[in-house]
Amino acid sequence: MTAQDKIYDLIGVGVGPFNLSLAALLDEMDEVDSLFFEKKKHFEWHPGMLIEGTKLQVPFLADLVTMADPTNIHSFLNYISKNDRMYQFYFLQRLDIPRREYNDYCQWASRRIESCQFAQRVSSIRHVKEQTDYFEVVVEDLSSEELNTYKAKHIVMGTGSVPTMPKSFKELPKKDVFHTADYIPNQERCRSAESVTVVGSGQSAAETFRELLKEQRECGFRLDWITRSPGFESMEESKLSLEHFSPDYVKYFYQLPQKDKDEIFATQGLYYKGISNHTIDDIYNLLYEYSIGEEKIDTGLQVLSEVNGIHPKEEGDGYVLDCYHWQKKEWFKHESDVVITATGYKPYVPGFIHHLSDFLEWDEEGRYKVEADYRLKKTEHVENEIYVHTGISHTHGVGSTNLGLAVHRNKVIINHLLGREVYKLPEKSIFQSFDIE
């Protein structure tokens, strides 16, 4: 193990869009010495769902830097310019961009920012009290398997989320039963199957179903889509509803009692978990086209139905899903060769964060407590801070995972980190008021 005596101002754990945004903004600031470590070999943003034709759900202005500094060299428009595609983008006349392009843009930026170090896995963090207090960060170089120790005044956690699946699904062969996050690597398996079922009703489920629907006539498989929801509900995308993804709403939500926050957040699913209108339109248009003529496609869309279990068929290949129609209160069974679950994600909290459990404050639900300016609350007063991007929906609300608020969050972090107003924060950025004025 090698150890460095140098104390960095900031070390980031994870290089997803949120920490990459922070690294991009800090890249032009000589007064902050930072490093960002990521265990993947290069930047990847939901690679299993980079389906051709899918769009980013926010405008391209929600890139890594523009909402803070439109002149920053790591902007999306500079990426377009440097790749000699400005006129093509100009004639495209769209605010939304392909999801694949957003991933390519972030890869382009990550290669230009020297502070972003890939194939580097943070294995432990501990707080050290010496003449100058600091965090000791142990990092494994996945190429050489060497361990290196770094020191930092402050930490920023940007570890993202991981797919979630019911336990019964996890115990089955991954080539047959998998999460939408693994759709692209399993496309060929779907094409060769006799039947495919998608379980869930969010955007990922819809995009997966749409892609399978486009291939169904050629491949000939039976295609089903099952959800416990009353319908395949569209995302709330009206302009005034989008104002929930604003600094104003974050500020309002944060000051509410935690019990109220939990109750409110539970009612806001369609702000971030519904299906975009254009995706629903695409699916309906395909279904309509396929209904023309005598040759009908073998497709089923089943709502109001919970999938409560899965097991292999007693004879032959495939699986049996135990389903419950919760309005009629009746059980039924559904058979399928391949089952794809769109059962969501949960924040990834690395195991080593629990090494700091006595250093941090936790709520009754086992979630860490977070200050308004995105610092984890500590049990003792020290100058060293842990800023956080991950797992803050319970404190900062529905926009916590939204790319459109990432840059604002990083403006707040940078201002606190440097102890001055590097970036001006808007006093009012929307038309409506959530609080009493």
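The values are calculated or read from the model by the stated rules, or taken from the named source; none is laboratory data. Since the model is a prediction, treat every value here as computed from it, not as a measurement. Glycine also receives a Cβ, built like all others from the backbone with ideal geometry; neighbour counts cover every protein chain displayed.
Some observations on this one:
- Pairs meeting the criteria (first residue in the stretch 423-437 and over 16 Å from Lys411 (Cβ atoms) and modelled with pLDDT of 95 or more, second residue among the polar types (S, T, N, Q) and part of a loop (DSSP other than H, G, I, E, B), beta carbons under 8 Å, at least 6 apart or on different chains) are Ile430/Ser246.
- Complete set of residues in the stretch 60-95 that are polar (S, T, N, Q) and part of a loop (DSSP other than H, G, I, E, B): Thr66, Thr71, Asn72, Ser75, Asn83, Gln93
- Among the numbered conditions (1) closer than 27 Å to Thr180 by Cα; (2) surrounded by 13 or more Cβ atoms within 10 Å (Cβ to Cβ); (3) modelled with pLDDT of 95 or more; (4) not aliphatic (A, V, I, L, M), the only one that Tyr374 does not meet is (1).
- Close pairs from the stretch 290-311: first over 27 Å from Tyr324 (Cα atoms), partner among the polar types (S, T, N, Q) and part of a strand (DSSP E or B), Cβ under 8 Å, at least 6 apart: Tyr290/Thr299
- Residue list for the stretch 281-301, filter: part of a strand (DSSP E or B) and more than 27 Å from the chain's Cα centre (by Cα): Thr299, Gly300
- Yes/no for Gly16 being under 22 Å from His179 (Cα atoms), modelled with pLDDT of 95 or more and not aromatic (Phe, Trp, Tyr): yes
- Any chance Glu52 is charged (D, E, K, R), under 30 Å from Asp182 (Cβ atoms) and in contact with a Gly (Cβ under 9 Å, 6 or more places away or on another chain): no
- Residues that are acidic (Asp, Glu) and either touching a Ser or Thr at 6+ places or on another chain (Cβ under 6 Å) or over 25 Å from Gly53 (Cα atoms) (or both), drawn from the stretch 230-284: Glu243, Asp248, Asp260, Asp262, Glu263
- Selection status of Ser429, under 26 Å from the mean Cα position of the chain (by Cα), buried (at least 19 other Cβ atoms within 10 Å of the Cβ) and either assigned to a loop (DSSP other than H, G, I, E, B) or not acidic (Asp, Glu) (or both): no
- Taking the stretch 303-356 as the range and being in a strand (DSSP E or B) and within 30 Å of Ile386 (Cα to Cα) as the test, the residues that pass are Tyr345, Lys346, Pro347.
- Among residues of the stretch 307-354 being within 25 Å of the chain's Cα centre (by Cα) and farther than 24 Å from Asn186 by Cβ, the one that is surrounded by the fewest Cβ atoms within 10 Å (Cβ to Cβ) is Gly351.
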